[in-house]
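Readers should treat all values here as calculations from the given coordinates under stated rules, not as data from a laboratory. Computed from a predicted model, the values in this text were never measured in an experiment. Cβ: placed from backbone, ideal geometry, glycine included. Neighbour counts: every protein chain shown.
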Amino acid sequence: MMFGPSDKDSKHSAASMKWKIKRFTNDELRQKFVDATVPQAKVLGITLPDPDLKFNEETGHWEHGQPDWDEFYNTIQGNGICNKQRMKDRIKAHEDGAWVREAAQAYAAKQAAKKSAA
């Protein structure tokens, strides 16, 4: 899920590719990730919880099952299992960083005053 919705359901992937914001589509990134991590998991003796996972000799890629897209969309709509804690942490980080923003604004004002005095 971490690479976003499938290409057919992605609202922005085609435009991002066209504008060269992205070099690979969500599905391509997902496939690269699976192809890189499945062999690593096998070396480490980790069993991956995907009953559809199998190597396709013809394509040279690992085939995998589909992520739970209902869970994905529920999470990005703010209903994920960690969303409340994530938002609490994000708000705290923003509040704790207020002094940095204030110092930067004070410095910018001081520099602007120096320029206008000169």
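See the values below:
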quantity: Some residue of region 91-112 being exposed (fewer than 10 other Cβ atoms within 10 Å of the Cβ) and under 22 Å from Met2 (Cβ atoms); calculated: yes
quantity: Looking only at region 58-104, and only at residues there that are among the aliphatic types (A, V, I, L, M) and assigned to a helix (DSSP H, G or I), the one that is nearest to Gln31 (Cα to Cα); calculated: Ile76
quantity: Members of region 50-88 found to be more than 21 Å from Gly4 (Cβ to Cβ) and more than 21 Å from the chain's Cα centre (by Cα), listed by number; calculated: Pro51, Lys54, Phe55, Asn56, Glu57, Glu58, Thr59, Gly60
quantity: Yes/no for Pro5 being exposed (fewer than 13 other Cβ atoms within 10 Å of the Cβ), not in a helix (DSSP H, G or I) and not β-branched (Val, Ile, Thr); calculated: no
quantity: Region 13-57, residues that are touching a strand residue (DSSP E or B) at 6+ places or on another chain (Cβ under 7 Å) and in a helix (DSSP H, G or I); calculated: Gln31, Val34, Asp35, Val38
